[in-house]
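Enquirer: Here it is, the structure in full.
The values are calculated or read from the model by the stated rules, or taken from the named source; none is laboratory data. Every value quoted in this text rests on a predicted model; they were computed, and no experiment measured them. Please note: Cβ atoms are built from the backbone with ideal geometry, for glycine as well, and neighbour counts cover all protein chains shown. Note: areas computed on protein heavy atoms with side chains; ligands, DNA, RNA excluded. Shrake-Rupley method; radii C 1.70, N 1.55, O 1.52, S 1.80 Å.
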Amino acid sequence: MFEDKKIEEIEQFFSCSSTSGLSEIEAEKRLLKDGPNILNSEKKQNIIVKFLLQFKDPMIYVLLGAGVISFCLKEWADGIIIVSVILLNAIIGTIQEAKAEKALEALKKMSSPSCVVKRDGKIKEIKAEDLVVGDLVVLEEGRIVPVALCLVETINMKVDESSLTGESIPVEKNADIILNENSGIGDRKNMAFMSTPVSYGRGEGIVVSTGMNTEIGHIAKMLKDAKDNKTPLQQKLASLSKILGIVCVSVCVLMYAVGLLYAVFGPNKQDIGTASLDLLITAISVAVAAIPEGLPAVVTIVLAIGVSRMVKVNTIVKHLPSVETLGAVTVICSDKTGTLTQNKMTIEKTYINGKIKDANEVDAEEVKLLAQGMMLCSNASIKDERYGDPTELALLDYAKKFGWNKEEIEENKYQRLDELPFDSVRKMMSVLSHYEGKNIVFTKGALDSILKHTKNIYLDGKVRKITEKDISTINENSKIMAKQAYRVLALAIHESNVVDEENLTFVGMVGMIDPAREEAKPAVECLHKAGIRTIMITGDHKDTALAIAKNLNIATDEKQCMSGDEIDSLSMELLEEKVKTTNVFARVSPENKVNIVKALQNSGNIVAMTGDGVNDAPSLKTADIGIAMGITGTDVAKGAADMTLMDDNFASIEKAVEEGRSIYSNIKKAIFFLLSSNFGEVMTMFFAACIGFPSPLRAIHILWVNLISDSLPALALGRDDKDSDIMNLKPRPVNEGLFAHHGFSFCFFYGFIIFLITMIAFLINPLIDLNAPGSVGFTWNNLLIYLQNDAQLDKCQTFAFTVLGMSQLFHMLGMSNVKKSFVNVFKGKNIMFLISFIFGLTLQILVTELPYVTDFFQTTALEWYEWLWLIALSSFPLIVHELLVPVLKKSKLQF
C-alpha cells in the first residue's frame with residue numbers, strides 16, 4: 001500500500017517525522033483512537049456446547065425416543081443400554097472435536113513483546129502493543145519487526161520473511177527504492193512486516209499499520225473467516241444418518257400400523273390396548289435394529305487406527321476425519337521450498353576456464369582456487385552448528401566435498417587478515433587472507449559488480465588481460481545458468497596488502513539452487529498414476545519455480561505457470577478456468593493461495609494444501625485437508641493444518657494418501673458390514689410383526705449384536721491390510737455416495753440372507769416339535785399357540801439370536817475382499833480376523849450358557865448338537881460369498 005510512496009509523502013500522510021518520530025502526547029491520542037497493536041481473539045465454543053451439539057443427529061433423535069419409551073414401559077435394561085450408547089457416542093465426538101484453536105494464539109506469540117522507538121527525538125523501549133501509526137521504530141539484528149513499517153533508513157539490513165513468503169533466503173531491504181503500487185509481498189524491499197526477524201544489519205521505519213491491519217492481521221482475519229468444512233466422510237455419514245433416521249421412523253410407523261390392523265382384524269383378535277403396548281415394545285426393537293449404534297464408535301476407532309498407521313509414514317494427524325480425506329484428494333497443492341526441494345542451497349554448476357561444468361564432475365585441483373576462494377570469502381560456519389546465510393552455507397558445503405574446511409584452513413593455513421563486509425550498494429564482499437605465501441584479496445558477489453572492477457582473467461592456471469570477448473562469453477554463460485534458475489555468484493582475486501576491490505582478476509562463477517528432493521519425482525509420478533494432480537505454489541520467482549517444476553514433471557512449459565500479479569487481475573470465474581491447466585503458481589500472496597484453493601474446490605476437486613509459514617495458514621485451513629511441515633513449519637501453520645509431516649518430505653504425502661485410501665476402503669467395508677446386519681434385523685422384526693408373530697429378537701439381543709457381536713468384526717475390517725493395487729485406482733468422484741456401484745443392493749442382499757437364516761433359526765424348533773410323532777401337527781394356528789408359550793418362545797429367540805450373532809463372524813470373513821475367496825484373509829498380517837472370530841464365538845456362547853447372564857438376556861442353554869447345526873446355518877453368508885466371487889470380480893463395486 002505504501003511501497004510506491006516517497007518518505008516525504010509518508011511523513012505528510014501520517015503527520016510524523018522520519019528523524020524524531022511522534023511526540024508522546026500524539027502517540028497517546030492515536031492509541032486511544034486506533035486501539036492497541038494486537039490481534040483480535042476469537043470466541044471459542046465451550047465444552048458443554050460442543051457436547052450438546054453431538055446430539056444434533058437424526059439417528060440420535062430416534063434412539064433418544066426409543067430410550068424414553070423404554071423407561072416409560074419399565075424396560076430398564078433396554079433403556080439404560082440405549083442411553084449409554086448415546087452418551088458414549090457424544091463423549092467420543094466431544095473429545096474428537098475439543099481441539100484448542102492454536103492458530104491465532106501462535107500468531108500472537110510470534111509478534112514482538114517489546115520494541116525500540118523514537119519519540120520526541122529520544123530512543124526508548126516500549127511494549128509492542130503500544131505502537132501507533134506514525135511511530136518511528138528502530139530495528140537491529142535479532143529484533144522482530146513489531147508492526148508493518150515503511151523503511152526510512154537501512155544499513156545492510158536483511159529480514160527473514162520465510163514465514164510470510166515461504167522462501168528461506170533473507171530479503172535484502174533498501175529504504176531508498178520506490179516500487180510500483182501493489183507489488184508482491186516478496187518484492188517490497190522498502191517495507192518490513194510484522195513478526196519477521198531482522199537477520200542482518202539495522203534500520204528504521206515509520207509504522208503504517210498496526211494489529212489486524214497488518215499482513216499478519218489480514219492472515220488472522222482469513223483464519224477466522226475460513227470455515228471448518230466437513231470432510232467427505234463426515235458428509236456421507238451425515239447423509240447416511242439422515243436416511244437411516246427417516247427409514248427407521250417410517251418402518252416403525254408402518255410396522256406399528258400393520259401390526260395393529262392385524263391384531264384388531266386378524267384371526268386372533270386382541271384387545272387394542274394390549275396390542276398397542278406389545279407393538280410399541282416391538283417398535284422400539286425395530287428402531288434399535290435399524291440404527292447401527294456401534295457405527296460412530298467403530299468409525300472413530302478405525303480412524304484412530306489410521307492415525308497410528310499414518311505415524312509410520314511420518315504423518316501426525318490432528319483431526320481424525322482427515323485420515324480418510326487424504327485418500328479422497330484429487331489435487332495436492334504443494335509448497336516448493338523444503339517440501340518438493342531440500343531447503344538447502346546447493347552448488348550444481350561451476351564456470352571455470354571458460355566452460356560450464358557440473359559441480360560434481362570437476363576435480364579438486366581444477367576447482368581449488370574457485371572453491372577455496374568462495375569458502376574463505378564467507379562468514380558462515382558448518383563446524384558444529386550451521387549458521388549463516390544459506391548462500392554462504394552452500395559455498396562451505398561445496399568446499400567440504402573436496403576436504404576443505406573453512407575453520408581449519410583459516411586457523412592453520414590461510415589466515416584471514418581483514419574484511420570488507422557485503423553491502424547492498426557494492427553487492428560484493430571481500431576478505432584479505434594470507435594464501436599460498438601471499439596476501440590475496442578474495443572478492444565474491446554479483447557478476448555485474450565484479451566485472452566493473454575486473455582487469456584480468458584467470459584461465460588454465462594463467463593470468464592475462466581480460467578482453468571484451470571474455471566478458472561477453474562470461475555474461476552469456478551467466479545467462480545460461482540464470483535461465484535454468486541458478487543463482488549465480490562470481491569470484492575474483494588480486495594480490496594486495498589492504499582490502500580493496502580494484503584491478504580484480506576474474507576466476508569463475510558458481511550456480512546454486514535449492515534442488516528437488518530425489519524422492520519427490522517418483523512420488524509425483526505415483527500420484528499421477530493414482531489420478532492425483534500435483535500443483536506447485538510458491539513465493540519464489542517464476543523462473544525458479546518453473547525450473548523445479550519441469551524437473552519434477554509437474555509442468556512442461558511457461559504456459560502452465562502463473563504469478564500472483566496475474567491472479568490478482570482475474571475474477572474467480574476466470575481463475576476457476578485457469579487452475580484447470582496451470583500447475584505452477586509463483587510470487588503468490590496469502591490471499592492468492594486461498595483463492596487458488598477455492599477455485600480448485602469450485603471446480604469439483606478435493607484439495608490438499610501443504611505449507612509451513614504464516615502465509616500458508618489461511619489456505620491450509622480453507623483446503624479440504626491442510627498439511628503442515630513438522631521441521632520448518634511455524635506454530636501458526638501447524639495450528640491451522642489437519643495433519644503434520646514429520647520429515648517435511650513430499651514423498652511422505654504420497655504414502656499418506658495410500659494409507660488414506662486404505663482407511664476409507666476399510667471404513668466402507670465396516671459400514672457395509674454393519675448395515676447388512678441392521679437390514680437383516682429390521683427385515684426379521686418387520687416380517688414377524690406383519691404376520692402376527694411375537695418378536696424373534698428382543699431389543700437387548702439387537703443391542704448386543706449391534707454393539708458387541710458386530711463391532712469386533714467391524715474393527716477387524718477396519719484394520720484390514722491395504723490392497724496392493726490401491727494406488728492404481730483413480731480418486732473416487734466428489735459426489736460419489738457410499739452406496740455407489742450397487743452398494744445398497746449389496747447391503748440389502750446380505751441383509752436378506754441374514755434375515756432368512758435368522759427366521760429359519762427362529763422357526764426350526766416349532767417345525768420339529770409340531771411335526772414330531774404324536775404332536776398336534778404343524779398348522780398356522782398351532783404355530784402361533786406354540787410361540788405364545790414363554791419357555792418355547794425363549795428357546796426360539798435364543799436360536800435366532802445365536803444365528804444372528806454368529807452369522808456376523810462368517811460374514812466378516814467374506815467382507816475382507818468381496819472379489820476374492822475368504823482364504824486370502826489368512827494370507828495377510830491382520831490377525832484381528834482370527835481374534836474377532838474366536839472372541840465373538842466365545843461371547844455368544846457365554847450369553848447363552850452362563851448362569852445369571854442368560855437371565856439378563858432371557859436366553860436358554862443349548863445342546864452341543866444344536867450348536868453345531870446353528871454354526872452351520874450361520875456360515876451361509878460366507879458360502880454365498882464364495883459362490884458370488886466370480887460375479888463380483890466383474891462388477892464395479894469397490895471397497
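Enquirer: Going through the cross-link list Lys33/Lys221; Lys312/Lys542; Lys189/Lys349, which pairs have a Cα-Cα distance over 24 Å in this structure?
Expert: Lys312/Lys542; Lys189/Lys349
Enquirer: May I ask you to order 560-570, 527-537 by the average number of other C-beta atoms within 10 Å around their residues, highest value first?
Expert: Averaged packing, sorted descending, gives the order 527-537, 560-570.
Enquirer: How big, in percent, is the set of alpha carbon pairs in region 650-793 lying more than 20 Å apart?
Expert: Considering region 650-793, 61 percent of its Cα-Cα pairs are separated by more than 20 Å.
Enquirer: Moving to a separate point now. Only bridges with both residues in the chain count here: give the DSSP antiparallel percent, nearest 5.
Expert: 75
Enquirer: Express in whole angstrom the spacing between the alpha-carbon centres of region 545-590 and region 645-706.
Expert: 43
Enquirer: Using a 1.4 Å probe and ignoring any ligands, DNA or RNA, find the accessible area of Arg386 and quote it in Å² to the nearest 10.
Expert: 120
Enquirer: Roll a 1.4 Å probe over the protein chains and send me the accessible area per residue for region 346-513 in Å².
Expert: With all protein chains present, region 346-513 gives 48 Å² per residue.
Enquirer: How large is the accessible surface of Glu436 in square angstrom, using a 1.4 angstrom probe and rounding to the nearest 10?
Expert: Approximately 100 Å² of Glu436 is accessible to the 1.4 Å probe.
Enquirer: Here's something else I'd like to know. Under a 1.4 Å probe, what is the accessible area of region 161-220 per residue, stated in Å²?
Expert: Heavy-atom accessible area per residue stands at 33 Å².
Enquirer: Of Lys6/Lys455; Lys357/Lys462; Lys118/Lys383; Lys580/Lys655, which ones are farther than 31 Å apart at the Cα?
Expert: With Cα atoms farther than 31 Å apart: Lys6/Lys455; Lys118/Lys383.
Enquirer: Related question: Helix 864-874 versus the longest principal axis of the chain: what angle, 0 to 90°, nearest 10, using Cα atoms?
Expert: Once rounded, the angle reads 60 degrees.
Enquirer: Would you calculate the convex hull of the Cα atoms in region 346-513 and tell me its volume per residue in Å³?
Expert: Enclosed volume per residue, from the Cα hull, is 108 Å³.
Enquirer: Using all C-alpha to C-alpha distances in the chain, build P(r) with 20 Å bins and read off the rounded percent in each one.
Expert: Percent of pairs per bin, in order: 13, 33, 27, 17, 8, 2, 0.
Enquirer: Still on this structure, I have one more. Using Cα positions and a limit of under 12 Å, work out the aspartates and glutamates in reach of Lys578, with same-chain residues fewer than 8 apart set aside.
Expert: Output for Lys578: Glu566.
Enquirer: Between the alpha-carbon centers of region 745-816 and region 318-386, tell me the distance in whole angstrom.
Expert: With region 745-816 and region 318-386 each reduced to a Cα centre, they are spaced 71 Å.
Enquirer: Restricting to Cα pairs below 8 Å that are 6+ residues apart, what does the relative contact order work out to for the chain? Please round to a whole percent.
Expert: It rounds to 13 percent for the chain.
Enquirer: In whole percent, how big is the carbon plus sulfur part of the accessible area of the chain, probe 1.4 Å, protein atoms only?
Expert: That fraction is 57 percent.
Enquirer: Also, I was wondering about something else. Give me the angle, in degrees from 0 to 90, between the Cα long axis of helix 468-483 and the longest principal axis of the Cα atoms of the chain, rounded to the nearest 10.
Expert: That works out to roughly 10 degrees.
Enquirer: If you take the beta carbon distance between Ser381 and Val498 as r and set R0 to 25 Å, what does 1/(1 + (r/R0)^6) give as a FRET efficiency, to the nearest 0.05?
Expert: Efficiency computed from Cβ-Cβ geometry: 0.45.
Enquirer: Sticking with this one: For Trp404, what accessible surface area do you get with a 1.4 Å probe? Give it in Å², rounded to 10.
Expert: 40
Enquirer: Now for a different question. If the reach is capped at under 21 angstrom between alpha carbons, list the lysines near Lys819, excluding any in the same chain fewer than eight residues apart.
Expert: Result set, ordered by chain and number: Lys668, Lys669, Lys722, Lys730, Lys827, Lys829, Lys889, Lys890, Lys892.
Enquirer: Here is a follow-up. Express the C-alpha Rg of region 581-627 as a ratio against the empirical globular expectation 2.2 N^0.38 Å, rounded to two decimals.
Expert: Region 581-627 yields a ratio of 1.04.
Enquirer: Fully extended, how many nm does the chain gain between Ser821 and Ile471 (0.36 nm per residue separation, minus their Cα-Cα distance)?
Expert: Contour length minus the Cα-Cα distance gives 118.6 nm.
Enquirer: Considering only protein heavy atoms, with the full assembly of protein chains and a 1.4 angstrom probe, order Tyr852, Tyr486, Tyr256 by accessible area, largest first.
Expert: So the residues, ranked largest to smallest area, are Tyr852, Tyr256, Tyr486.
Enquirer: So which aspartates and glutamates pass the test for Lys74, namely a Cα distance under 15 Å, with those fewer than 8 places away in the same chain ruled out?
Expert: Hits, sequence-local ones excluded: Asp278.
Enquirer: Follow-up question, since we're still on this one. With every protein chain left in place, what is the accessible area per residue of region 642-791 in square angstrom, probe 1.4 Å?
Expert: Computed with neighbouring chains in place, this is 35 Å² per residue.
Enquirer: If you find the alpha carbon centre of region 834-895 and of region 124-185, how far apart are they in angstrom?
Expert: 71
Enquirer: Helix 590-602: angle to the longest alpha-carbon principal axis of the chain, degrees 0 to 90, nearest 10?
Expert: 40
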